[in-house]
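As C-alpha cells, the structure follows; a few thoughts come after it.
The values are calculated or read from the model by the stated rules, or taken from the named source; none is laboratory data. Here the structure is a predicted model, which means the values were calculated and not measured. Cβ atoms come from the backbone with ideal geometry, glycine included; neighbour counts cover every protein chain shown. Please note that ligands, DNA and RNA were not included when accessible areas were found on the heavy atoms of the full protein model with its side chains. Shrake-Rupley method; radii C 1.70, N 1.55, O 1.52, S 1.80 Å.
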Amino acid sequence: MSKLSLRQDWTIQEIEDLFSLPLIDLLFRAQSIHRQCFPNNAIQLSTLLSIKTGACPEDCAYCPQSGHYNTKIQKHELLDIEAVKTAAIAAKAKSATRFCMGAAWRSPPQAVFKQLLMLVKIIKALDLETCMTLGMLNLSQAQQLSEAGLDYYNHNLDTSPEYYARIITTRHYEDRLKTLEYVRAAGIKVCCGGIIGMGESREDRIHFLQQLANLPQHPQSVPINRLIPIKGTPLALSPTLDPLEFVRVIAVAPLLMPKSVIRLAAGRETMGDELQTLCFFAGVNSIFYGEVLLTAKNPKLEFDQNLFKRLGIQALN
Ligand code: SAM
Ligand code: DTB
Ligand code: SF4
C-alpha cells in the first residue's frame with residue numbers, strides 16, 4: 001500500500017479543474033493513482049438482497065420502493081432469517097465476498113431490530129462480509145449493529161446538498177450526515193455514494209463529490225449509481241446522461257479519495273462493455289454481482305464473467 005496522503009479539504013475550484021481536464025488525461029491520472037493504492041485488474045464482488053421491499057414512507061424521486069409512487073414491484077415485509085441465509089449461501093457460491101442487505105425503511109423499526117442483529121451474525125458466520133442499508137440510524141442502533149459484527153453500512157448522500165431538496169422532501173441532507181457520523185463513531189465502515197443522471201448539473205456533481213471527499217474520513221466504499229429510470233417515479237423521464245460525463249464523475253472519485261473502493265453500482269444493465277471498461281479504467285474496482293439489484297435488473301452472471309475474462313480482470317476472494 002502506498003503512503004499517499006489523504007485530504008479532506010478539497011475546494012470546488014480544484015474539483016472543477018479535475019473535471020475540466022481532457023478526458024484521456026483525467027483517465028490516465030485516475031488509473032495512475034488507483035494503481036498506487038490497489039492491485040491491478042482485480043475487482044471486489046458484492047451481492048445485494050432486498051430484505052424488505054416497497055411501501056417506504058420516504059419520497060425519494062428515483063426510487064421504485066417509495067410508497068408515494070405507483071411502480072410495479074413485489075412488496076414484502078422483512079424476510080425470515082432462513083430465506084436471507086439461503087440467498088447469502090447462494091451469493092457466496094457464486095463468488096461474492098460481501099452480502100449487502102437493503103430495506104425500504106426511513107429507519108429500522110425497533111420491533112425487528114433483534115432480528116436484524118441476528119441476520120448480521122448468521123451471515124458473518126458464513127464467512128461473508130456484511131453490509132446493511134436500513135435508512136437512518138441512531139447511535140445506539142449503530143453500536144448494536146457494530147457489536148453484532150456488521151462490516152459496512154450503506155447510506156448515500158445521493159447528490160449535492162443544493163439539489164437534494166429537488167429529489168427528496170421527507171428528510172434533509174443533515175439527517176444523512178448524522179447517520180454517517182453515528183456509523184463512523186460505532187466503528188462500522190462507511191459505504192456512501194450517490195446517483196448520477198437525475199437531471200443534476202455538473203456543478204451539483206462537483207458539490208456532491210466535494211461532500212463525500214470532505215467527510216471527516218473518506219468512505220471506505222463509494223457506490224456510484226447511474227439512475228435507472230423507473231416507470232411511475234417522478235424521474236422516469238429524466239434526460240439521458242452523456243456517458244462520457246458519467247466516466248468523468250467516476251474518474252474524479254479516486255483522485256479525491258484514492259484509498260476508497262469505487263463501486264460501479266446501479267445502471268450497469270444498460271451500459272455497453274465499452275462504457276463499463278472505461279469505468280474500470282477510471283478506477284472502479286467493485287460491482288454488484290447478481291441478476292437483480294434490490295428490485296431492478298442487473299447483468300446476468302455469464303455476461304459479467306465473460307466481460308471479466310475478455311478484460312483479464314480477476315474477482316477478489
Ligand atoms: N432505504 C434506505 C436508504 O434510502 O438509505 C436503503 C435502500 S435505498 C434503495 C439505497 C440506495 O439505492 C439509494 O440511496 C440510491 O442511491 C439507490 N437507488 C435507489 N433507486 C435507484 C434508481 N432508480 N437508480 C439508481 N440508484 C437507485
Ligand atoms: C447503492 O448505492 N446502490 C444499491 C445499494 N447501494 C443498496 C441499490 C441500487 C438500487 C437500484 C434500484 C433497485 O434495484 O430498486
Ligand atoms: Fe425509501 Fe430508501 Fe427508496 Fe428512499 S431510497 S424511498 S428511503 S427505500
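Criterion applied to Thr86, Thr133 was being out of contact with any Leu (no Cβ under 8 Å at 6 or more places or on another chain), farther than 17 Å from Asn154 by Cβ and either away from ligand 2 (no atom under 15 Å from the Cβ) or not aliphatic (A, V, I, L, M) (or both), and the one residue passing it is Thr86. Evaluating Thr53 against the criteria (1) farther than 30 Å from Leu278 by Cα; (2) open to solvent by 40 Å² or more (accessible area, probe 1.4 Å); (3) touching a residue at least 12 places away in the same chain (Cβ under 8 Å) leaves one unmet condition, (2).
Any residue at all in the range 72-89 that's open to solvent by 30 Å² or more (accessible area, probe 1.4 Å) and among the polar types (S, T, N, Q)? So far as the range 72-89 goes, yes, one or more of its residues are open to solvent by 30 Å² or more (accessible area, probe 1.4 Å) and among the polar types (S, T, N, Q). Criterion applied to Gly283, Gly267, Gly232 was being within 16 Å of ligand 3 (Cβ to nearest atom), modelled with pLDDT of 95 or more and open to solvent by less than 10 Å² (accessible area, probe 1.4 Å), and the one residue passing it is Gly267. Scanning the range 39-47 for residues that are touching a residue at least 60 places away in the same chain (Cβ under 8 Å), surrounded by fewer than 15 Cβ atoms within 10 Å (Cβ to Cβ) and not in a loop (DSSP other than H, G, I, E, B) turns up at least one hit.
For the range 164-191, taking the residues that are open to solvent by less than 20 Å² (accessible area, probe 1.4 Å) and touching a helix residue (DSSP H, G or I) at 6+ places or on another chain (Cβ under 6 Å), the one that is farthest from Ala266 (Cα to Cα) is identified as Ala186. When the range 239-258 is filtered for residues that are at pLDDT 95 or above and closer than 15 Å to Thr270 by Cα, the ones remaining, listed by number, are Leu241, Asp242, Pro243, Leu244, Phe246, Val247. The condition (being hydrophobic (A, V, I, L, M, F, W, C), closer than 30 Å to Met118 by Cα and within 10 Å of ligand 1 (Cβ to nearest atom)) is satisfied by just one residue among Leu177, Leu157, Leu145: Leu157.
Scanning the range 242-250 turns up no residue that is within 30 Å of Ala55 (Cβ to Cβ) and either touching a residue at least 24 places away in the same chain (Cβ under 8 Å) or surrounded by fewer than 22 Cβ atoms within 10 Å (Cβ to Cβ) (or both). Residues that are within 18 Å of Glu58 (Cβ to Cβ) and acidic (Asp, Glu) occur at least once in the range 70-87. Residues in the range 48-85 that are outside any loop (DSSP other than H, G, I, E, B), under 22 Å from the mean Cα position of the chain (by Cα) and β-branched (Val, Ile, Thr): Ile51, Thr53, Val84.
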